[in-house]
Amino acid sequence: MQAVLSVSADVSFKSNKFPKYKLGPDNQILDEATVDNKGPPLKDIVAQETIQLSDQHKRLSVRDLASKFDKNLSAAAKLSNEAKLREVASLEGHVLLKKLRDALEYLRRRLVGRNKEDVEKAISMVEALAVKLTQNEGELIQEKSEVKELASFLKQATEDAKKLVNQERSFACAEIESAKAVVRKIGEALDEQERMSLSSGKQEIEEMVEEIQQARRIRLLHQPCKVMDMEHELRALRLQIQEKAAFSVKLQQELLLKKLVEDNKLSLYALEGSVSLGSVLRLQPCSEEATELSKCSIQWYRLSSQCSRRELISGANKSVYAPEPYDVGRILQVDIISNGQKSTVTIACPVQPAGGLESYVETLSRKGNSEFSVLISQMNGRNYTTRSAHLLSVGKMRIKLSKGWITKARDAYSSTSMQLCGFRGGGNLAAKSIFWQSRKGQSFVLVFESERERNAAVVLARRYALDCNVVLAGPDDQASLYLL
């Protein structure tokens, strides 16, 4: 048996294997049923979508309708492309069947017997396939025409939908512009109404003010003028009396001070030193007739700013006295008694505050706990031999004296026996020294490095004690006076 003629190389096959067929009655070729896993055909989908659009076009918006038409138009274009592909495949099928039939005819002429019958049977099957292919081509042509009609219909419908969309858009823009104009008019009307209400309210207020002023004028017209004149005169007299009283008090103070100064001139003693906080006042004899101070009895007093009350300063019985913060604004006076005769010396003006002390105290108070380096001069009334540095801590709740880790004394302000004041026992270091009694039976005389630190420590301690509702005073002092 000779070889079968080869098929032309320009033929393209739809699949890589020969299709399967079955023979029916009268040698009719039947296709084997194939399972389509891709779902319903595209034509059925387009038809179904078209029916749905025709059913829903009454309740769909123009924009939705246009989008539906666009989708169906793309589906129709896809269907048309598939039809073209099927037409090309049909043409290739005709070429393949013709070549197959020629090859079978060639074999039939060369074969005999049973093989020849098989070839003839194959030729009849090829002819049947050609007839069916022709039928399919007719159906494809008809389907193609229907798809073209559907595509033209959908294209026209899409154009109509786009026109409707543009028309509706123009209508919507016009309605929006008209709505904006209406809103603008309403806003202008509201603004105008607000301006009118404000102007009317302002006018009403002006009218009310004018009515009130008119009522006041009427009331004043109906009141006697003498009463008003008497009221003005009484007010002026009160002011004059207050001015005269203040001037009288000032004159009395000046006269008293002048008298005290004149008494100092007649006195046998005089005070030396600056009359300010941080300085030392020294009593000196100014006459040959004056008795030596060591043989005299001395006592210091403080007078109020009005010189109306004299308070004894307990323990201040030396010829030297250093003013403490409580003495600021007050007048100091000292009595010298010798041979039964008393001589009194008074400072010429109240004690002046130390410069910069207030700001220094404020700076320390912001820290909360201030520490000062001190030396112990006396302890429990006896001289302290060890002259080593100690640390005095002035806190908001207590005072503590320590040396390194050893605590000498520590007590809270709430202690009823605590006392604190400037040192009143005289000496060259009186302006740097304080007297502190932590509790009954325990007292110290502490010497600071400077007068400013001494005064700042006293002011801070008294301020913190006052916050604890305790008045920190010196021995035998009247605690109520510290509140003045």
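The values are calculated or read from the model by the stated rules, or taken from the named source; none is laboratory data. Only a predicted model underlies this, so the values are computations on that prediction, with no experimental measurement involved. Counting neighbours? That spans all protein chains shown, and the Cβs are built from the backbone with ideal geometry, glycine included. With ligands, DNA and RNA removed, areas are computed over all heavy atoms of the protein, side chains included. Shrake-Rupley method; radii C 1.70, N 1.55, O 1.52, S 1.80 Å.
Quick look at the numbers
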item	result
Solvent-accessible area of His232 with every protein chain in place, 1.4 Å probe, in Å² to the nearest 10	100
Prolate/oblate/rounded call for region 294-411, Cα gyration tensor, a/c under 1.5 rounded	oblate
Which listed pairs, of Lys71/Lys180; Lys99/Lys144; Lys244/Lys432; Lys78/Lys162, have C-alpha distances above 32 Å, in listed order	Lys71/Lys180; Lys244/Lys432
Label-to-label distance, nm, for residues given as Ala181 and Arg410 (7 Å Cα→Cβ offset)	9.0
Efficiency of FRET from Cβ geometry, Thr385 and Thr363, R₀ 51 Å, rounded to 0.05	0.90
Whether region 346-484 is rounded, prolate or oblate, judged on the alpha carbon gyration tensor where a/c under 1.5 counts as rounded	rounded
Residue-count net charge about Leu401 - beta-carbon cut-off 13 Å; Lys, Arg +1, Asp, Glu -1	+4
Net lengthening on full extension, Lys148/Leu251 (0.36 nm per residue, minus Cα-Cα)	24.4 nm
Accessible area of region 319-409 divided out per residue, in Å², using a probe of 1.4 angstrom	52
Karplus 3J(HN,Hα) series, Hz, for region 370-385 with 6.51 cos²θ - 1.76 cosθ + 1.60 (x for Gly, Pro)	10, 10, 10, 8, 9, 10, 8, 8, 9, 9, 6, x, 10, 5, 9, 6
Added length on full extension, which subtracts the Cα-Cα distance from 0.36 nm per residue, Asn317 to Glu194	35.8 nm
Added length on full extension, which subtracts the Cα-Cα distance from 0.36 nm per residue, Glu210 to Lys132	16.8 nm
